[in-house]
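J.: After the structure tokens below, expect a handful of questions from me.
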Amino acid sequence: MNNKEIFNKAFSCLTPLTDNETIFKNVTERAEKMNNKRKISIKKPVSVLLAAALGITAATVTAGAAAGWDFNGAFSKIFDNTGSFNERDDSFRAEPFDFEKYYKPIDSTYTFEGFTMNIKGIACDGIAARLIYEIIIDDPSLIPEYQLDEYENGYYSNVTKGLSIFASVIRKNDDNSFVTPINTSPVFNGNTGVGTIGITAPMDGLAGKTLEFYFMFEDVGNPNYFEKATEEVTIDFVGETECIRLSPEADITLTRCSDGEPADLTLHEICISPLSASITVGNGEIYYPNRHHGFEKHEFGITLSDGTYIDFNSYSHIYGLMVNPDEKRVSLPRIFDYGIDISNVASVTVGDITIPVEHSKPEAFDFQKYGKELDLHYNFENYQLHIKGISADRTTAYILYDVIFNENFDYAPREGWSDWELRAIIDTKEKDGTRTPCNLISVNQNRYSFYGMVSLGHTESTLEGRIITMDFGSLYRGIPSKSQKDDNYYSNSEILECDIAVEIPVDFLLCENVIDKELSEKISLNYYENGTKTSKQCVLKSVSATPFSWEIYVETGRSFGKADCYDADITFNFADGTALNVPRNDQHIKHIGKSSAYNGIFEEPINPEDIVSVTICGTTVPLK
Amino acid sequence: MIYITEQEFKRIIGLFSGTVFRTAMCYVKNKSDADDIMQDVFLKLYTYGGKFESDNHTKAWLIRVTANSCKNLLKSHWHRFRLPIEKAENIPAEQAESDYLLSVIMKLGQKNRTVLYMHYYEGCSVKEIAELTGMTETAVTSQLYRGRKRLKQLLLKEGYDE
């Protein structure tokens with residue numbers, strides 16, 4: 001018998017003790033139990049900003065940053081390997097990706113004998129940075145030729161002729177420690193080549209770090225040729241850094257490179273950005289003194305919402321590991337060769353573990369969560385008034401209503417005429433509220449949506465238990481008067497009667513403060529003493545906000561006399577970079593002993609969760 | 001979360017339960033542990049979120065996971081050793097010869113045994129075995145050579161007529 005026959009004979013009778021039907025039943029029952037018993041804990045959804053997690057303050061890339069430089073074009077030139085340089089799986093190419101959020105232009109030019117180098121910019125996330133440069137060769141003899149040498153995970157490119165480039169990186173803030181970079185040799189098209197230098201971040205991130213990129217240029221055919229260049233780059237820019245950050249705290253087994261033996265570990269964290277990915281593992285005992293002791297190749301990839309699986313082993317360099325000896329954890333970073341769009345990730349796979357990724361999108365504020373639906377309908381000759389609902393906090397209430405015109409009524413906009421306006425007086429029964437006109441929110445064919453608001457202003461009173469009265473007068477539109485001196489606002493108008501009164505009891509849950517931040521921050525307020533404006537140091541003690549109103553509490557440290565006056569320039573800053581300034585006329589101020597309370601109503605309801613900071617007389621205080 | 005249909009899962013069990021079981025046997029040398037590992041491996045498959053390009057891809061994944069699971073068990077302090085096959089009694093002659101050959105094969109070193117099984121029974125190439133076991137191709141070739149030589153010595157020693 002030959003070996004094949006021996007093995008066939010030996011193993012053919014070897015069958016599992018459990019039949020297939022029972023295997024199926026046992027496995028599905030166990031999976032069901034696992035599902036009910038233990039969930040992989042997902043600490044944060046995809047939409048969390050890594051910037052906040054790493055303590056980086058968000059700021060937008062300055063306008064004009066992209067001038068003269070096509071980001072996507074640059075990256076596609078580097079990463080769009082045609083197969084002539086590196087053999088890669090062609091089944092996936094990164095979709096066009098907007099790198100602008102991760103990119104800072106540099107535009108430094110170095111001129112050498114025979115070529116010019118232009119350092120274009122640097123792309124950075126919390127895990128990795130990649131410097132991008134362009135080489136334009138004037139001397140044809142310097143145009144490099146490469147030889148590919150195979151190694152375990154791909155190919156090295158060795159320059160056999162022409163310009164050879166070597167780069168090293170020094171972290172200036174960390175005692176000038178060296179960082180071993182990943183050099184991606186320039187890909188040339190004619191005499192112009194684009195290359196990158198990639199590095200991974202230290203455990204405390206890259207924000208605020210200054211990196212020195214040191215380049216050495218040699219001519220393989222001319223041993224006497226040597227040039228060098230140095231570029232210092234400070235990572236002081238931040239766009240919003242989108243990241244998938246998961247904390248599975250799950251069991252995983254990886255094979256150690258050092259001895260080929262399995263290591264039972266806990267998978268603490270998975271972090272993926274468009275530029276890089278890493279896992280952090282540990283078992284309470286692990287400690288690798290040598291940065292190059294890692295783990296053998298293991299499954300690591302993402303499944304997109306359309307089912308496509310992106311295997312990170314095909315699209316990245318595994319780059320050593322980062323040791324955290326205090327926590328006895330190691331992070332295994334890898335830098336992608338391609339930028340990857342991670343906005344449609346459905347799950348992440350590491351080894352035998354797959355973790356679904358939840359995508360949460362910011363939602364518009366749900367008014368009816370803190371209010372109630374009214375659904376009151378009133379019919380008039382040419383339209384219907386639909387009072388939809390009410391939402392309120394302690395002092396301020398918004399009421400939403402629609403006007404639905406009959407189809408046979410000519411409601412369509414007319415040139416030179418204003419929009420339809422609804423005239424109503426909304427107040428509490430005690431008539432102690434501050435009222436606003438009915439504001440048009442939107443128009444959808446024959447449906448006009450309005451909101452009206454009433455507020456008790458700065459008071460210790462509450463709307464709870466009160467009755468809000470709505471006296472509707474008319475629905476109208478007109479031709480605005482040309483002169484502001486005219487008594488009549490409209491020179492001509494179309495008026496539809498709307499003579500009803502509606503009472504709405506405030507018998508529902510009122511919105512509590514969404515922001516309620518205790519602080520002790522030094523700020524300045526404008527101080528007027530006998531008509532002279534100066535500035536006084538104060539302490540900001542608290543900021544609170546609902547979707548409708550806000551309040552700021554300040555310790556001024558002195559009691560007020562009749563001639564004293566503080567006021568504040570107050571601006572609320574939102575996560576999307578916009579800001580809402582509160583005019584002084586819209587602020588209510590109350591002095592209480594040695595403190596002052598400022599409050600007011602937002603011009604229109606906002607989502608307080610979008611507020612990231614408040615600026616008071618030039619001092620910005622973060623609220624998140 | 002489950003990513004595979006019941007029908008597909010049953011099909012894969014039907015195709016590869018034997019492969020997984022036999023691979024596990026190469027490591028743990030007893031049927032009970034191999035059976036436990038087989039069910040663990042299929043549980044991992046059932047909850048695995050990745051996609052397989054082909055049945056071959058699935059098979060490679062299963063073998064790889066089986067190998068890792070076996071290594072974990074062998075390292076475990078609670079590794080049990082039940083009913084060695086050489087103590088089985090009252091079995092048919094045909095099966096007796098199979099068991100005899102199996103017992104000889106089981107005397108090989110674990111790496112020899114696994115590599116020879118994958119090569120001769122599963123029909124894997126040196127490159128495929130390297131990918132499945134995490135060994136280099138050179139190491140696989142070396143294990144094959146040594147394994148064959150050792151197997152021959154064992155068979156001759158046991159008086160097995162070539």
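The values are calculated or read from the model by the stated rules, or taken from the named source; none is laboratory data. Note that the structure is a prediction, hence the values are computed from the model and not measured. Here Cβ is always computed from backbone atoms with ideal geometry, including for glycine, and neighbour counts include all displayed protein chains. Surface accessibility is based on the protein's heavy atoms, side chains included, excluding ligands, DNA and RNA. Shrake-Rupley method; radii C 1.70, N 1.55, O 1.52, S 1.80 Å.
J.: Among the listed residues B:9, B:16, B:42, which satisfies the condition of being facing another protein chain (nearest Cβ under 9 Å) and either of a type in the set (Ser, Thr, Tyr) or buried (at least 21 other Cβ atoms within 10 Å of the Cβ) (or both)?
T.: One residue alone meets the criteria, B:42.
J.: To continue, here is another question. Within the range B:47-70, can you find the residues that are out of contact with any strand residue (DSSP E or B) (no Cβ under 9 Å at 6 or more places or on another chain) and open to solvent by 20 Å² or more (accessible area, probe 1.4 Å)?
T.: Correct list: B:52, B:53, B:54, B:55, B:56, B:57, B:59, B:60, B:64.
J.: In this structure, does residue A:234 turn out to be modelled with pLDDT of 75 or more and open to solvent by 30 Å² or more (accessible area, probe 1.4 Å)?
T.: yes
J.: Still on this structure, please answer the following. Filter the range A:13-25 for residues that are part of a helix (DSSP H, G or I) and either within 7 Å of chain B (Cβ to nearest Cβ) or in contact with a strand residue (DSSP E or B) (Cβ under 9 Å, 6 or more places away or on another chain) (or both) and give the result.
T.: Within the range A:13-25, A:20, A:23, A:24 qualify.
J.: When you go through (1) open to solvent by 50 Å² or more (accessible area, probe 1.4 Å); (2) modelled with pLDDT of 90 or more one by one for residue A:150, which number turns out not to apply?
T.: For residue A:150, the exception is condition (2).
J.: Which residues, counting only those in the range A:394-403, are crowded, with 24+ Cβ neighbours inside 10 Å and over 22 Å from residue A:420 (Cα atoms)?
T.: Across the range A:394-403, the qualifying residues are A:395, A:396, A:397.
J.: While we're here: What are the residues in the range B:19-31 that are assigned to a helix (DSSP H, G or I), farther than 16 Å from residue B:122 by Cα and either open to solvent by less than 10 Å² (accessible area, probe 1.4 Å) or more than 7 Å from chain A (Cβ to nearest Cβ) (or both), if any?
T.: Within the range B:19-31, just B:28 meets the criteria.
J.: Another question, then. Of all residues being among the hydrophobic types (A, V, I, L, M, F, W, C) and within 12 Å of the chain's Cα centre (by Cα) in the range B:106-128, which is nearest to residue B:29 (Cα to Cα)? Just the residue, please.
T.: The residue in question is B:106.
J.: Do you know which residues across the range A:406-459 are open to solvent by less than 50 Å² (accessible area, probe 1.4 Å), farther than 30 Å from residue A:597 by Cα and part of a strand (DSSP E or B)?
T.: A:422, A:424, A:448, A:449, A:450
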